[in-house]
Amino acid sequence: MQLYGRGADRSGRVAYEAGRKCMACWLVEQWEESDDPRAKREDRYKLASDIAEAKGKRIDVPDSVPVKVSQPSNPLDGVSTEDLLAELDRRKKS
């Protein structure tokens, strides 16, 4: 974002904008929440940026961002450290 004007005005605007999401990020988040197919596209941020620019908001975003794939659950979830150490000791002895 390019800001012009007095330093005090710019600083206040930077502080205000820092607490907000950019329009492209907000739009992609809305797509994800509503299970919109656009949320699964690698160019989703570029698409959202183009929509934002059509509304007069210029946003620089990467051309593509990999879609997050849900990570498989950890097979060791729920296993205590003591149980893991005991299993290691057992394997060392055998």
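No value in this document is a laboratory result; all are computed from the given coordinates. Just so it is clear, the structure is predicted and the values come from calculations on it, not from any experiment. Cβ coordinates were reconstructed from backbone atoms using ideal geometry, including for glycine residues, and neighbour counts include every protein chain displayed.
Sorted from fewest to most neighbouring beta carbons within 10 Å, what does the list LEU47, LEU76, LEU27 look like?
Details: LEU47 17, LEU76 10, LEU27 22.
Least crowded to most crowded, the residues run LEU76, LEU47, LEU27.
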Original post:
So how do ASP50, ASP77 line up by other beta-carbon neighbours within 10 Å, fewest first?
Top reply: ASP77, ASP50
**OP:** For ASP43, list long-range residues whose amide hydrogen, built 1.01 Å from N in the peptide plane, is under 5 Å from its own amide hydrogen.
**Re:** VAL65
Original post:
In what order do LYS46, LYS93, LYS40 fall by count of nearby beta-carbon atoms within 10 Å, going from fewest to most?
Top reply: LYS93, LYS40, LYS46
